[in-house]
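Asker: Have a look at this one.
The values are calculated or read from the model by the stated rules, or taken from the named source; none is laboratory data. Owing to the predicted nature of the structure, the values given are computational and were not obtained by experimental measurement. Methodologically, a virtual Cβ is constructed for each residue, glycine included, from the backbone with ideal geometry; neighbour enumeration extends over all protein chains shown. Protein only, heavy atoms only, side chains kept; ligands, DNA and RNA dropped before computing areas. Shrake-Rupley method; radii C 1.70, N 1.55, O 1.52, S 1.80 Å.
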Amino acid sequence: MNILKILLILGFGYFFWLMLKITLEYIPLKKDVSFLMIKQTEVEDRPEYLYFFYTHVYTSIFVLLSGFLAILRKDFGLKNFHRNLGKIYIFLILFFAAPSGIYMGIFANGGSFSKISFVILGCLWWFSTFKAYQLARQKKFSGHKQWMWRSFALTISAITLRMWKVIIVYLFHPNPMDVYQIIAWLGWVPNIILIEYLITKKHI
């Protein structure tokens, strides 16, 4: 295992722990903690909002972990470990995480600019994951690998969005709603550009 892969695993482990801590804030189910504190309009006016929110939060943490372990492409001595993790990853995104994310995007903070971004993100996340599944079924594993990387680049927008938020707030101290409009796009667009570059250069 080379030093770059070790650093990648350590970096992911750190950020996964931070995301897990955020997820645990919503256990047990509450309506007035963390992010939900600024979504009380939706919580009060749209009874279904909490169902979509908790579906997204609780499945996304497993998507993040299974996706990372799957792209390592190792079975760790367990039969079909990579394949089974990939199935979990794809299933959770297609049926739970992406649809609930698209719904939440419709009510995102920051106005239409943010809402458009999060809805596009959710749709691209679903589509790239479906393409990865489709190509795996067709045994076109080179294409499957590339689409899985695209999907995972969108998955980790949950991490990169928060990284950009910390950087922007620290450097520029903008209005909170302005922050949402910026990170709504910064969270995923650079990720997908980087992956497309790596695919083009045949590094993936």
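Asker: Would you list, by chain and number, the aspartates and glutamates whose Cα falls below 20 Å from the Cα of residue 202, excluding same-chain residues fewer than 8 positions away?
Answerer: none
Asker: Follow-up question, since we're still on this one. In Å and from the alpha-carbon atoms only, list the Rg and Dmax of region 110-204.
Answerer: Cα only, region 110-204: 15.2, 49 Å (Rg, Dmax).
Asker: Once fully extended, how much extra length lies between residue 21 and residue 95, figured as 0.36 nm per residue of separation less the alpha-carbon to alpha-carbon distance?
Answerer: Residue separation times 0.36 nm, minus the Cα-Cα distance, leaves 24.2 nm.
Asker: Continuing with the same structure: Per residue, what volume in Å³ does the convex hull of the Cα atoms of region 8-73 enclose?
Answerer: Taking only Cα atoms, region 8-73 has a hull volume of 82 Å³ per residue.
Asker: Using only Cα atoms, tell me the angle between helix 141-155 and the longest principal axis of the chain; keep it within 0 to 90° and round to the nearest 10.
Answerer: Orientation of helix 141-155: about 20 degrees from the principal axis.
Asker: Taking the chain as the reference, fit the longest principal axis to its C-alpha atoms, fit the long axis of helix 189-200 to the helix C-alpha atoms, and give the angle between the two in degrees, 0 to 90, nearest 10.
Answerer: 10 degrees
Asker: Give me the three principal axis extents of region 1-136 from the C-alpha atoms, as integers in angstrom, largest value leading.
Answerer: Projected onto its principal axes, the Cα set of region 1-136 covers 50, 31, 26 Å.
Asker: Let me ask something else about it. What nm distance separates the two modelled labels at residue 203 and residue 6, each placed 7 Å from Cα along Cα→Cβ?
Answerer: If labels sit at residue 203 and residue 6, their model points lie 2.1 nm apart.
Asker: Tell me, what is the per residue accessible area of the chain in Å², probe radius 1.4 Å?
Answerer: Heavy-atom SASA per residue in the chain reads 59 Å².
Asker: Using 28 Å as the Cα-Cα cut-off, could you pick out the over-long pairs in 21/145; 30/115; 39/131; 21/201?
Answerer: 21/145; 39/131; 21/201
Asker: Would you work out the Kirkwood radius for region 67-169? I mean one over the mean of 1/r across all pairs of different Cα atoms, in Å.
Answerer: Result for region 67-169 stands at 14.6 Å.
Asker: Please give the helix 157-172 orientation as an angle from the longest Cα principal axis of the chain, in degrees from 0 to 90, rounded to the nearest 10.
Answerer: Compared with the principal axis, the helix lies near 50 degrees.
Asker: Probe radius 1.4 Å, ligands and nucleic acids ignored: give me the carbon and sulfur share of the accessible area of region 125-204 as a rounded percent.
Answerer: Carbon-and-sulfur percentage of accessible area, whole number: 67.
Asker: Hey, got a sec? Which chymotrypsin sites (Phe, Trp or Tyr not before Pro) in region 1-79 land in a DSSP loop and have at most 14 other Cβ atoms within 10 Å?
Answerer: Of the chymotrypsin sites (Phe, Trp or Tyr not before Pro), the ones in loops of region 1-79 whose Cβ has at most 14 other Cβ atoms within 10 Å are 76.
Asker: Would you give the gap between the C-alpha center of region 147-165 and the C-alpha center of region 43-117, rounded to a whole Å?
Answerer: Using only Cα atoms to place each centre, the spacing works out to 11 Å.
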